[in-house]
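Participant: Sharing a structure here in structure tokens format.
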Amino acid sequence: MEIKDTLIIAKEFVDNPGARDREDGANSGQQFLEDLFVKRFDKAVLENYIIMVDLTGVLGYPSSFVSGSFGKLSIERGSAILLKHLQFKSNNNPLNVDKVINEIKNPTPPKK
Amino acid sequence: MKKLYTTSKFKRLNTKRSLDAIKKNRKRKNKHGSFKPANNARPSGGMYNRQHYTPPPIVPIIAPTNFSLIYNTEETLNYFHKAHKELKNKNRILFDISGVTTLTTDAIALQIAKIKDARFHLNSGILGNAPTDETLKNLFSQSGFYEYVNTRGVKPVNNKKLLIHEITNNKVEPDKAKEAYLLGLRHTFQNEEIFEPLYNILIEIMQNTNNHAGATRGKYDWWLHVYNHPDSFKTSYTFLDLGVGIFESLPVQSFKRDFLELLGLKSNLELVPKLFAGEIKSRTARPERGKGIPQVYECSQHKAFETFFLISNDIYANLKTGENKIIKTQFNGTLFYWELNNK
């Protein structure tokens, strides 16, 4: 499968992410997921290609943001499909790639 | 004169109307006369005359000479407790910090937050003064204190706005986090290169306040104070809320109920390592939460953070050294204080 799309979070969303849910405040993980990411992800699944998610240039990745975006999608769709259609890179902090992949593999479960 | 006014019918009606008005007026005055003002509350008028009104006394609350929540916790907390006690007794108070010889910005931030907190001031009068010591007076003035209080005459000039708060809608504010983050980076590192631990800390502690300061989400305001030390590259951050405190928050309370006896835990002190390690999870709170404080702890270990403290309820925690202790004077709220340095 080839990479046909690149999503640069700092440019297409914000460089200062917020917390988890919309009700927590601006730039939340939920906002990123619902307003931007899920549409691109669905297209990638439908047309069978990979999205390169560029984590570079963002001031930080608070755990609540990562959990409210990548973690939430992983719970909804399953980690396997996310890992199949997503690749990550970060020029300034490669540890962020591990952080996001770890959240996808071990998403924190939502309220039951 | 109109002919109507001279008729006996008009005169009779007019006399009756006047008598009714006098009667009504007397009745109204008597009603005011039976009013008993609550304690020292000022009566609104009526039978009372201004000469009889005694304004509530002004009680000076003298700040400890070492006015610092971080380095003189008990005395500084007692100072605020004394003030609150007087306010509850309907007295006016004067925050007297004229004699302080040591002053840290966490104490200034707490004093501003207290002055602005309706549950603290109870609509009573709060007066205050500044330190007599010239250096401390400058620090006090530069801290942004005067931006948040009414002063007589001209307000001392403060070119840098260092206290970041205003009305936050009690939410996580990434723009304010970025502003505070950049203030520290520009001063301490003299650049704007990404330093993730600082940004992550700011967002996670805002989230903590939003979720855990009270039973209702987003009930409490938070205060963020950033101070660039003029004689060094150091930047001090104070973040506080006057909510219920971490150890009285729902997730920790729930954890305590479930596991306190089971694990043989006797005090909040024993919960501190578990809190930082992310082991405090509760049945009732949202299980996807609980990663924030562990992330704050993890980030605080970066060498650029020279000091890092947490004060909440009866706990005083030094995140850098791991020395935690119980404080006798309860702090109802949560305060984080840290210093960023480029050594």
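The values are calculated or read from the model by the stated rules, or taken from the named source; none is laboratory data. Owing to the predicted nature of the structure, the values given are computational and were not obtained by experimental measurement. FYI the Cβ positions are ideal-geometry reconstructions off the backbone, even for glycines, and counts take in every protein chain you see.
Participant: Checking the conditions here, which among B:Lys90, B:Lys29 is out of contact with any Cys (no Cβ under 9 Å at 6 or more places or on another chain), more than 25 Å from B:Ser312 (Cα to Cα) and either at pLDDT below 80 or not in a loop (DSSP other than H, G, I, E, B) (or both)?
Facilitator: Of B:Lys90, B:Lys29, the one residue that is out of contact with any Cys (no Cβ under 9 Å at 6 or more places or on another chain), more than 25 Å from B:Ser312 (Cα to Cα) and either at pLDDT below 80 or not in a loop (DSSP other than H, G, I, E, B) (or both) is B:Lys29.
Participant: May I ask you to list the residues in segment A:1-21 that are within 8 Å of another protein chain (Cβ to nearest Cβ) and surrounded by 19 or more Cβ atoms within 10 Å (Cβ to Cβ)?
Facilitator: A:Asn16, A:Pro17, A:Gly18, A:Ala19, A:Arg20, listed by residue number.
Participant: I've got another one for you. Restricting attention to segment A:101-110, does a residue exist that is more than 12 Å from every other protein chain (Cβ to nearest Cβ) and touching a Phe, Trp or Tyr at 6+ places or on another chain (Cβ under 6 Å)? Don't jump to the end; show me each part of the working.
Facilitator: Here is the first cut: in segment A:101-110, the ones more than 12 Å from every other protein chain (Cβ to nearest Cβ) are A:101, A:104-105.
Retained after the next criterion (residues that are touching a Phe, Trp or Tyr at 6+ places or on another chain (Cβ under 6 Å)): A:104.
Checking segment A:101-110: at least one residue is more than 12 Å from every other protein chain (Cβ to nearest Cβ) and touching a Phe, Trp or Tyr at 6+ places or on another chain (Cβ under 6 Å).
Participant: Check segment B:172-186 and report whether any residue there is on the phi < 0 side of the Ramachandran plot, at pLDDT below 85, within 13 Å of chain A (Cβ to nearest Cβ) and not in a helix (DSSP H, G or I).
Facilitator: no
Participant: How many of the residues in segment B:187-203 are over 22 Å from B:Val172 (Cβ atoms) and either within 8 Å of chain A (Cβ to nearest Cβ) or buried (at least 24 other Cβ atoms within 10 Å of the Cβ) (or both)?
Facilitator: Final tally of qualifying residues: 0.
Participant: Further question on the same structure: Show the residue pairs meeting these rules: Cβ distance below 6 Å; 6+ apart or different chains; first residue within segment B:319-343 and in contact (Cβ under 8 Å) with a residue 60 or more places away in the chain and under 20 Å from B:Gln111 (Cα atoms); second residue among the basic types (Lys, Arg) and surrounded by fewer than 24 Cβ atoms within 10 Å (Cβ to Cβ).
Facilitator: Listed pairs, sorted by first residue: B:Glu339/B:Lys234.
Participant: Let me ask something additional. From (1) at pLDDT below 95; (2) crowded, with 21+ Cβ neighbours inside 10 Å; (3) under 30 Å from A:Pro94 (Cβ atoms), pick out the condition that doesn't hold for B:Leu163.
Facilitator: So B:Leu163 meets the others, but not (3).
Participant: Looking at segment A:22-32 only, could you name the residues that are surrounded by fewer than 20 Cβ atoms within 10 Å (Cβ to Cβ) and under 14 Å from the mean Cα position of the chain (by Cα)?
Facilitator: To start, the set of residues in segment A:22-32 that are surrounded by fewer than 20 Cβ atoms within 10 Å (Cβ to Cβ) comprises A:22-23, A:26, A:30.
Answer for segment A:22-32, where residues must be surrounded by fewer than 20 Cβ atoms within 10 Å (Cβ to Cβ) and under 14 Å from the mean Cα position of the chain (by Cα): just A:Gln30.
Participant: Right, here's the next one. What's the number of the only condition in (1) within 14 Å of chain A (Cβ to nearest Cβ); (2) closer than 17 Å to B:Phe308 by Cα; (3) of a type in the set (S, T, N, Q) that B:Ser254 fails to meet?
Facilitator: (2)
Participant: Tell me the residue from A:Tyr61, A:Tyr49 that is within 11 Å of chain B (Cβ to nearest Cβ) and touching a helix residue (DSSP H, G or I) at 6+ places or on another chain (Cβ under 9 Å), please.
Facilitator: None of the other options fit; the residue is A:Tyr61.
Results for (1) modelled with pLDDT of 75 or more; (2) buried (at least 20 other Cβ atoms within 10 Å of the Cβ), shown as yes or no for each residue.
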{"residue": "B:Phe233", "(1), (2)": "yes, no"}
{"residue": "B:Ser236", "(1), (2)": "yes, yes"}
{"residue": "B:Ser249", "(1), (2)": "yes, yes"}
{"residue": "B:Leu262", "(1), (2)": "no, no"}
{"residue": "B:Asn268", "(1), (2)": "yes, yes"}
{"residue": "B:Pro273", "(1), (2)": "yes, no"}
{"residue": "B:Ser282", "(1), (2)": "no, yes"}
{"residue": "B:Lys303", "(1), (2)": "yes, no"}
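Participant: Across segment A:37-76, what is the total count of residues that are surrounded by fewer than 20 Cβ atoms within 10 Å (Cβ to Cβ), farther than 13 Å from A:Val100 by Cβ and under 10 Å from the mean Cα position of the chain (by Cα)?
Facilitator: Summing the residues that are surrounded by fewer than 20 Cβ atoms within 10 Å (Cβ to Cβ), farther than 13 Å from A:Val100 by Cβ and under 10 Å from the mean Cα position of the chain (by Cα) in segment A:37-76 gives 1.
Participant: Filter segment B:1-21 for residues that are among the β-branched types (Val, Ile, Thr), surrounded by 10 or more Cβ atoms within 10 Å (Cβ to Cβ) and at pLDDT below 80 and give the result.
Facilitator: The answer is B:Thr7, and nothing else.
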